[in-house]
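Here's the structure we're looking at; comments come further down.
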Amino acid sequence: MMSALIILVIGLLLVIVLIGMYNSLIRLRNAVQNAWSQIDVQLKRRHDLIPNLIESVKGYMVHEKSVLENITKYRSAALEANNIGDISKAESALTGALGQLKIAMENYPDLKANQNFLALQEELSSTENKISFSRQNYNDQVMLYNNKIQMFPSNIIASMFNFKSSEFFEIEDNTEREVPKVSFN
Amino acid sequence: MWELIRANKRKSIFLFLTMGIILILLGYVIGTIVYPERGGYLGVVIAFSIWVLMSIISFFSGSKILLAISHAKEVKPDVHPVLFNVVEEMKIASGLPYLPKIYIINEEAPNAFATGYNPENASIAVTSGLLVKLNRDELQGVVAHEIAHIFNRDIQFMTIAGIMLGSIVLISQIFLRSMIYSGGRRYHSGSKGGQAQIILIVIAIFFAVLAPIAAQLLYFAVSRKREYLADATSVRFTRYPEGLASALEKLSQNTSELSVANKVTAGMYIVNPLKKKGLRLSDLSNTHPPISERIKILRNIAGGVGYSEYQNAFNQIKGNHSPIIPASGLKEFGHIDFRESKLETKTENTLVQNKRILGDLMMTVNSYQFYSCACGLKIKIPPDFKHNNVECPRCGTSHAL
């Protein structure tokens, strides 16, 4: 009688612990999904801002045609991409092209005196920040989630209910780290 | 990070229990003095009801009261787009689901605080002086510190602990004052009187004086630790300790006092808004850790921007090993890298320029309208201006509004 009761209590405790682990896995997975949608929101916002930006600088920056064309090109590439790998590739190319545009803008003092343009620029650079912070948050969440999936004892529950580890949002820094060419003539 | 929040909650519960015991004891002792027969229990009930009443008020309008005391005005994004962008950036970095409400306090002294009962109804208030004096990276550091208070559930903790502290102070004040005004006569006019009664009264007075001090010291000790923790969390959000460090440096160089702050609200701000007057009390009664130390710790962070690096820097500077971050919080994240400053190198404004920008910002917060005249003068139109035309004071041209 006594031993049966003990076994019952232990079994019950075990079930409670398992339910807790399962719930925390679910919570972490939802956090990862939510963090991903945050990145998505910011990327969309950047896509929406770009036509405005091109429109307002086109008149001033006649010599930077290739930079502007690149931006448009990468934007449409990013719109078409549909898996995490392709999206991060296209988006980092877009980030690089926008960075080049920012450097080129330094040569156009008229542009920097234009209030509308300055507001647009703040909007755009803040969106860039938001993208990188949402990526940072996404990667944090993925790390927490993946740790939980791989570590004992929650890995048992994870494999039982088929929780799969998530992919990090990597950024290829080649374009961002590229040193801008400066000529003195 | 859930581990960290949970560990914080456990500590809070300990604090609440200790303060609760002080509250009940205080009620019991005072009750016994007033009605020696069964007053003790009555006192406990009264003390408890005062606390419940204050909690209810604070739950429904605590942050509104605090914001109103501080003369904070809720603003729309067009008043200061950069501030809104920075807050949203940090909200995203923290992963909080809701954007806090944003308030501006029209004061020259740079400072900021966060308040609210939970992350869903949080508010952040910054002074206009802060917005003018800091660059974007520094502002980001300060906003991240405030978001960290929301994220670590400090605002909730500070509100609840503040209310308990307030109740204890209130009860002991009522008792002590009534003792002074009645000269204590009322309380031993009845039955036995005598020596025992007098001793009891002395003990009660002693307790009524001591209880608020004990509760306050407890509250300050925890609040100081939370400041360090918020700094650590801020660095984890921005990945850029120098931003907050240089912001704190600018804040510490400020000489003007924040007139809207008082002893009760001082603990909420990122740096102590009250200048030290005359004799300096011991470190025990400070609501904030010394700024110079916070800056040193931030600048000493090496090898990454995770919690463990902050704890290492803290240990180095303070020379002791009191844990700021619970062990479970340290383990949760692996290595986190620094980021580069995103700021375009911008020339700092001169003092005169800053004064002008500050003036314009304060007027915008008070919903003034601006109108640029062709002669180059910026005409400022107050919100209660009734006419349809305004004449430029410099060149005399009439403008239709």
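The values are calculated or read from the model by the stated rules, or taken from the named source; none is laboratory data. As the structure is a computational prediction, the values presented were derived from the model and not from experiment. Reconstructed Cβ throughout: ideal geometry from the backbone, glycine too, with neighbour counts over all protein chains shown.
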All but one of (1) within 14 Å of another protein chain (Cβ to nearest Cβ); (2) under 30 Å from B:Leu96 (Cα atoms); (3) surrounded by 18 or more Cβ atoms within 10 Å (Cβ to Cβ) hold for A:Arg45; which doesn't?
(3)
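Matching residues to (1) surrounded by 17 or more Cβ atoms within 10 Å (Cβ to Cβ); (2) within 9 Å of chain B (Cβ to nearest Cβ); (3) outside any helix (DSSP H, G or I):
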| residue | (1), (2), (3) |
| --- | --- |
| A:Leu124 | yes, no, no |
| A:Tyr145 | yes, no, no |
| A:Phe152 | no, no, yes |
| A:Ile156 | no, no, no |
What is the one condition in (1) touching a residue at least 12 places away in the same chain (Cβ under 8 Å); (2) away from chain A (no Cβ under 14 Å) that B:Gln140 does not satisfy?
(2)
Leading residue by the ranking (nearest to the chain's Cα centre (by Cα)) among those in region B:375-392 that are surrounded by fewer than 10 Cβ atoms within 10 Å (Cβ to Cβ), part of a loop (DSSP other than H, G, I, E, B) and at negative phi
B:Pro383
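Determine if region B:301-313 includes at least one residue that is at pLDDT 75 or above, among the aromatic types (Phe, Trp, Tyr) and under 21 Å from the mean Cα position of the chain (by Cα).
First pass over region B:301-313, keeping only residues at pLDDT 75 or above: B:301-313.
Okay, now just the ones that are also among the aromatic types (Phe, Trp, Tyr), so B:307, B:310.
From what is left, the residues that are under 21 Å from the mean Cα position of the chain (by Cα) are none.
For region B:301-313, residues at pLDDT 75 or above, among the aromatic types (Phe, Trp, Tyr) and under 21 Å from the mean Cα position of the chain (by Cα): absent.
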Count - residues of region B:340-364 that are surrounded by 10 or more Cβ atoms within 10 Å (Cβ to Cβ) and at pLDDT 70 or above
12
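Give B:Ile199, B:Ile150, B:Ile174 a once-over and let me know the one that is in a helix (DSSP H, G or I), farther than 30 Å from B:Val352 by Cβ, modelled with pLDDT of 85 or more and of a type in the set (A, V, I, L, M).
B:Ile150 is the lone residue from the list that is in a helix (DSSP H, G or I), farther than 30 Å from B:Val352 by Cβ, modelled with pLDDT of 85 or more and of a type in the set (A, V, I, L, M).
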Find all pairs meeting these conditions: Cβ atoms under 6 angstrom apart; at least six residues apart or on different chains; first residue within region B:208-234 and touching a residue at least 12 places away in the same chain (Cβ under 8 Å) and small (Gly, Ala, Ser); second residue outside any helix (DSSP H, G or I) and surrounded by fewer than 22 Cβ atoms within 10 Å (Cβ to Cβ).
B:Ser223/B:Thr287
Matching residues, region B:375-401, being in contact (Cβ under 8 Å) with a residue 12 or more places away in the chain and touching a His at 6+ places or on another chain (Cβ under 9 Å):
B:Ile379, B:Asn389, B:Val390, B:Cys392, B:Leu401
Out of curiosity, is A:Thr127 within 22 Å of B:Glu89 (Cα to Cα), touching a Lys or Arg at 6+ places or on another chain (Cβ under 7 Å) and touching a residue at least 24 places away in the same chain (Cβ under 8 Å)?
yes
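Among residues belonging to region A:126-139 that are of a type outside the set (Val, Ile, Thr) and more than 7 Å from every other protein chain (Cβ to nearest Cβ), point out the one that is surrounded by the most Cβ atoms within 10 Å (Cβ to Cβ). If you could, list the steps in order and put the result at the bottom.
Taking region A:126-139 first, the residues of a type outside the set (Val, Ile, Thr) are A:126, A:128-130, A:132-139.
Then drop every residue that is not more than 7 Å from every other protein chain (Cβ to nearest Cβ), which leaves A:128, A:132, A:135, A:138-139.
On the way: A:Glu128: 18, A:Ser132: 20, A:Arg135: 24, A:Tyr138: 26, A:Asn139: 19.
Filtering first and then ranking leaves A:Tyr138.
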